[in-house]
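The values are calculated or read from the model by the stated rules, or taken from the named source; none is laboratory data. Note that the structure is predicted; figures quoted are calculated from it, not measured. FYI the Cβ positions are ideal-geometry reconstructions off the backbone, even for glycines, and counts take in every protein chain you see. Protein only, heavy atoms only, side chains kept; ligands, DNA and RNA dropped before computing areas. Shrake-Rupley method; radii C 1.70, N 1.55, O 1.52, S 1.80 Å.
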Amino acid sequence: MSEKYMAEREAKYNSFGVFRTIILFILTLLFTILTYYVISDTDLYWDRYISNKLQSERYLSFNGLMRGLSYFGNVPFAFSVIVITSLIFYLFKKKHEAFLMLSTMLTGIISWILKTMIDRPRPMADLVQIFEETKYQSFPSGHVLFYTVFFGFLSIICFHAQRISIPIKCTLI
């Protein structure tokens, strides 16, 4: 490969790295602001407003969809998916990718630490309709954290895969 090609590729990679860093910073800042509002005991009118709006429409299909999506974030299922995905990558000699997938198990520990530190109780039945009782705090959502990290890593792996065409990458991501 020519030096010019390598220099162009490195410049492109570095600019993409800066973009990723900026996005990560913005997302971290937004999470920090949201956490501040949750911890500050301010009356989060918009929080209750959104919950009430979603639950005022008692569509069985919506409730079923939410329960179905929630199922994939439950610990036994999430653990199984992580292990199976890691094994598949490992069997295809993708050890780095297998390790990344296994590392998504850390989201459970991170979620528990954040939940313990923030200690936001779950809303009572008089505020929202409760589908499933749980003993853990409500913020941050362990399901959302798992989905973001697991599928985020899968998207990054797919994005960098060299043997997958761009239209297929876009579809998968």
remark   = Cα-Cα longer than 32 Å, checked against 95/135; 93/115; 95/169, kept in input order, equals 95/135; 93/115
remark   = Taking Lys and Arg as +1 and Asp and Glu as -1, residues besides residue 158 with C-beta under 14 Å from its C-beta add up to +2
key: Filtered trypsin sites (Lys or Arg not before Pro), the range 73-121: DSSP coil and at most 14 other beta carbons within 10 Å   = 93
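For the range 69-173, state which chymotrypsin sites (Phe, Trp or Tyr not before Pro) are in a DSSP loop and have at most 14 other beta carbons lying within 10 Å of their beta carbon.
Answer in residue order: 72, 92, 131, 136.
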query = On the accessible surface of the range 48-173, probed at 1.4 Å, how many percent belong to carbon and sulfur atoms?
reply = 70 percent
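Count the net charge of all other residues whose Cβ sits under 10 Å from the Cβ of residue 136, scoring Lys and Arg as +1 and Asp and Glu as -1.
Values: positive: 115, 122, 135; negative: none.
Every neighbour counted, the sum reads +3.
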